[in-house]
1. To the nearest 0.05, how large is the calculated FRET efficiency for residue 5 and residue 38 if R₀ is 35 Å and r is the Cβ-Cβ distance?
2. Grab the Cα-Cα distance for residue 13 and residue 75, subtract it from 0.36 nm times how many residues apart they are, and report the gain in nm with one decimal.
3. Using only Cα atoms, find the angle between the long axis of helix 112-126 and the longest principal axis of the chain, and express it within 0 to 90 degrees, rounded to the nearest 10.
4. If you fit an axis through the alpha-carbon atoms of helix 24-75 and take the longest principal axis of the Cα set of the chain, what angle between them do you get, 0 to 90°, nearest 10?
5. For the chain, what does -39500 (n - 2.57) per DSSP helix run (n ≥ 4), summed and divided by total residues, give at 222 nm, in deg cm²/dmol to the nearest 500?
6. Looking at (1) 38, 34, 25; (2) 133, 32, 31; (3) 75, 46, 35, which value of Cα extents along the principal axes in Å comes from a calculation on the structure shown?
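Quick note: the coordinates plus some simple rules give every number you see, no bench work behind them. Since the structure is predicted, the reported quantities are computational estimates derived from the model, not experimental observations. Note that we place each Cβ from the backbone using ideal geometry, even for glycine, and neighbour counts take in every protein chain shown.
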């Protein structure tokens, strides 16, 4: 049938998706396009991965800082390393810690070794034997 016969027999015209087979040269060109596009995708994915890694590091740093600041606000202060003087208080059984400015910053119970030192010091000063 030629196109004129087809038109004469047709009852309506409609747009329709129809599979059109490519010739071998077009298929080879499309294969090259697939390779090129795949390579581009891989390069962009690698770049995306690097950017996301950098962004994740920044977000992690911000979250870590946020956690510290929230903790400081919650507790009303923070821990700092500083030089302290340890002063035993044998009467109360504690070791008191003072800053270099003379402010009491902490205390804890005396250890058994520290208590033993106090017993030896007392025995030397009183002249009695330790038990």
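1. On the way: r = 46 Å, r/R0 = 1.31.
That gives a FRET efficiency of 0.15.
2. Values: separation 62, 0.36 × 62 = 22.32 nm, distance 7.87 nm.
Additional length available on full extension: 14.5 nm.
3. With rounding to tens, the tilt is 20 degrees.
4. 20
5. Numbers: 3 runs with 74 residues, N = 131.
Estimated from H runs of four or more residues: -20000 deg cm²/dmol.
6. (2)
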